1. Among (1) under 30 Å from residue 59 (Cα atoms); (2) modelled with pLDDT under 90, where does residue 150 come up short?
2. Can you name the residue in the stretch 120-146 that is touching a residue at least 60 places away in the same chain (Cβ under 8 Å) and over 15 Å from the mean Cα position of the chain (by Cα) and, of all such residues, is least open to solvent (accessible area, probe 1.4 Å)?
3. Kindly indicate whether any position in the stretch 150-159 is closer than 19 Å to residue 9 by Cβ and among the charged types (D, E, K, R).
4. For the stretch 153-162, does any single residue satisfy the condition of being within 18 Å of residue 122 (Cβ to Cβ) and either among the charged types (D, E, K, R) or more than 16 Å from the chain's Cα centre (by Cα) (or both)?
5. Given the residues 76, 22, which is the only one that is out of contact with any Phe, Trp or Tyr (no Cβ under 8 Å at 6 or more places or on another chain), touching a residue at least 60 places away in the same chain (Cβ under 8 Å) and part of a loop (DSSP other than H, G, I, E, B)?
6. Take residue 186 and tell me if it is touching a Leu at 6+ places or on another chain (Cβ under 8 Å) and at pLDDT below 95.
7. Which of the residues that make up the stretch 25-41 are assigned to a loop (DSSP other than H, G, I, E, B) and open to solvent by less than 20 Å² (accessible area, probe 1.4 Å)?
8. Condition first: among the β-branched types (Val, Ile, Thr) and within 13 Å of the chain's Cα centre (by Cα). Now tell me which residues in the stretch 36-88 satisfy that.
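The values are calculated or read from the model by the stated rules, or taken from the named source; none is laboratory data. Keep in mind the model is a prediction, meaning the values are calculated, not measured. Every residue, glycine among them, receives a Cβ derived from its backbone with ideal geometry; neighbour counts consider all protein chains shown. Quick note on the areas: whole protein, heavy atoms, side chains included, nothing else; ligands and nucleic acids left out. Shrake-Rupley method; radii C 1.70, N 1.55, O 1.52, S 1.80 Å.
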Amino acid sequence: MNKLILIPTEFEASVLVKDMHRGEYKYIKDGKDKTILSICGIGLTSLKSIDKIRSKENIHKIIVVGMAGDLTNENRLCNTYIIKTVTNKKDIIKTKHPDPEHIKGIIHDGYASLITVNKPVYTKARKQNLANYAELVDMEGFHVAKFCEYNKIELLMIRTVSDNCEGNLDKFFDKHSDRSGLPKELIKAQENIAEIVNKLL
């Protein structure tokens, strides 16, 4: 069974892989059952990456691993969750959950709901509004979930909480090669992503 692991950005993947850019992919496990890693991009761009790979490989399962902002006030920084539902406000998709035994030792913090938006969230008013729909927020999860639902591809979505949606993180995402000035929660989130992917192999 061929698996495709998607990480949205170079920043999120920087601990795991070096010199790999958006839209690129590589085989991290070859043979009869392949595992492919791709930096897929955010938003609808992620679907272009999936289509590119599917034109060459028969993909049976997609695993999305990346960061998400916390819309709650429960101090979830650096916690990691399996996404149980993902929404765009208009539609809700229930994602399939793997057997808990299969992910034992990988995910410690349980399940969470996710909303996908088109722009980063860093104001209190927007955070409060989105919290009516989900616990966490990202920019591509719903698009990937909709694609998998339509194409009948098994999906596992894992998010590690990188921030509380209280500040614009764009200035940090440009520093994916230099970690010296990053907040400790972003460093931990990067490390969580690398650890999760390595344990899934």
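1. Residue 150 satisfies all of (1) under 30 Å from residue 59 (Cα atoms); (2) modelled with pLDDT under 90 except (2).
2. Only one residue fits best here, namely 134.
3. Yes - at least one qualifying residue is present in the stretch 150-159.
4. So the first thing to find is which residues in the stretch 153-162 are within 18 Å of residue 122 (Cβ to Cβ), and the list is 159, 161-162.
The next check asks that each one be either among the charged types (D, E, K, R) or more than 16 Å from the chain's Cα centre (by Cα) (or both); those that pass are 159.
Looking through the stretch 153-162, at least one residue is within 18 Å of residue 122 (Cβ to Cβ) and either among the charged types (D, E, K, R) or more than 16 Å from the chain's Cα centre (by Cα) (or both).
5. Details: 22 fails: touching a residue at least 60 places away in the same chain (Cβ under 8 Å).
The conditions single out 76.
6. Working: touching a Leu at 6+ places or on another chain (Cβ under 8 Å): yes; at pLDDT below 95: yes.
When the stated conditions are applied, residue 186 passes them.
7. Pass one, the stretch 25-41, residues assigned to a loop (DSSP other than H, G, I, E, B): 30-34, 40-41.
Scanning the stretch 25-41 gives 40, 41.
8. Just the residues of the stretch 36-88 that are among the β-branched types (Val, Ile, Thr), to begin with: 36, 39, 42, 45, 50, 53, 59, 62-65, 72, 80, 82-83, 85-87.
Residues satisfying the conditions are 39, 42, 62, 63, 64, 65, 80, 82, 83, 86.
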